[in-house]
1. Segment 229-335: D in µm²/s via Stokes-Einstein (Kirkwood Rh, Cα pairs, 10 °C, 1.306 mPa s)?
2. So how far apart, in nm, are the two label points at Glu126 and Asp157 if each is 7 Å from Cα heading toward Cβ?
3. Would you kindly derive the ³J(HN,Hα) couplings of segment 267-281 from the backbone phi angles with the Karplus curve 6.51 cos²θ - 1.76 cosθ + 1.60 (θ = phi - 60°), listing them in order in whole Hz, with x for Gly and Pro?
4. Residue by residue through segment 141-146, what is 3J(HN,Hα) from phi via Karplus (6.51 cos²θ - 1.76 cosθ + 1.60, θ = phi - 60°)? Round to whole Hz and write x for glycine and proline.
5. Can you give the net charge of the other residues whose Cβ lies under 10 Å from the Cβ of Asp95, counting K and R as +1 and D and E as -1?
6. Can you tell me the order of 110-118, 232-240 when each peptide is scored by its average per-residue count of other Cβ atoms within 10 angstrom, highest first?
7. Going down the list Lys166/Lys196; Lys240/Lys296; Lys47/Lys166, which pairs span over 31 Å between their C-alpha atoms?
Amino acid sequence: MSNKNSTDYRKDMKNRIDMNDADIGDIFKKYMLVFCEKETVKTYRLKDDAGDGIMRDYEVAKGIEIVYSEIESYVPLVHDYIMYGEHVEIMYMVDGHADFEMENGSIISANKGDICIFNSRIGVVECTIGKGGMRCISVILAIEALEVELNRLFMTDKFDKNTLFKDIMVADANICFPANEMLKNTFMALMQLPEKNCEYHRRLLTMMVIMDLLDIRDGRSADYRYFSADTGNRAHEARKILGENLDLNISVEDLSGMVNLNRTTLQRVFKQMYGVTTFEYRTQVRMQEARNLLLKGKNSVTEIAGICGYANVSKFSAAFKKVFGLSPTEWKAKYS
């Protein structure tokens, strides 16, 4: 897409959003009173007869809001507001419990650490908050506005409102699942923003949540691409073992046992961290070491093959040529 067409496209999308703008932050409007309002944030307080609590609504970008809620309710809260256009609400339960009765009669229960995703097709009829209350963070997205913001932010036209959260938007049931480690960390970072550049941090972290959750493929589970710091450290240790023992043919089974990590997990995390399999990594490092030894000129090709874990010189030469396009002898003659 040319710059001119891209500019026209974004202008057209912005005009469409402005024409169909709606206030998507008036959650529990019947029970909440605005007691503080600034340019990009509204603070609500739950009415005394309904319970106690605070809700803060921040405008992150056009059509993208984040709502922090701390609510202890004495009665079920009935939703009586209308959301215009296609919307998605992503809610992370920081603490507590809540049950949401949907228009189609289904019940969604959210406990600490859960993520619930609501679409605008099926509304919430009633929310019952567990004893002790709840703390949660909600990211509310107008789909058409999200298309504009993502394309603007990433300087592209690849994001299409017809495919953004498509599986969620057409689902007949709302989605609830335990947050993975990355999402937990991102939401908790949203709870503990630094004082300096607070609004920028909030916007960045909100976009991280959105991008993470765009990977959801169905109404039951999320793509758990991420891994714990401990798992990452074990994969790092596996990489070091391979690099420090080029003369040994360590199998994946042996390597997983050495770092105390399931074989399948090790292979998946290693590939994600380093972009290659353990076998590919070892081969690449061996070939780099072979090239360095050839440059130094102190060892024969046969000796270098042994140092790099090849008992068969022919197999070593074939592997070297596959990487560098020349046999070890040819490469040495040309570059040493």
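All of the numbers you see were taken from the coordinates with simple rules; none came from a lab. Please read these numbers as outputs of a predicted model, since none were measured by experiment. Backbone-built Cβ (ideal geometry, glycine too); neighbour counts: all protein chains shown.
1. Calculated translational D: 109 µm²/s.
2. Label at Glu126, label at Asp157, 5.0 nm between them.
3. Listing the rounded values in order: 4, 5, 5, 4, 5, 5, 6, 10, x, 9, 6, 4, 5, 5, 4 Hz.
4. Rounded to whole hertz, the list is 10, 7, 4, 5, 5, 4.
5. Values: positive: Lys112, Arg135; negative: Glu70.
So the surrounding residues net to +1.
6. Numbers: 110-118: 19.2, 232-240: 17.2.
Top to bottom by mean Cβ count within 10 Å: 110-118, 232-240.
7. Working: Lys166/Lys196 36 Å; Lys240/Lys296 24 Å; Lys47/Lys166 36 Å.
Lys166/Lys196; Lys47/Lys166, as the Cα separations exceed 31 Å there.
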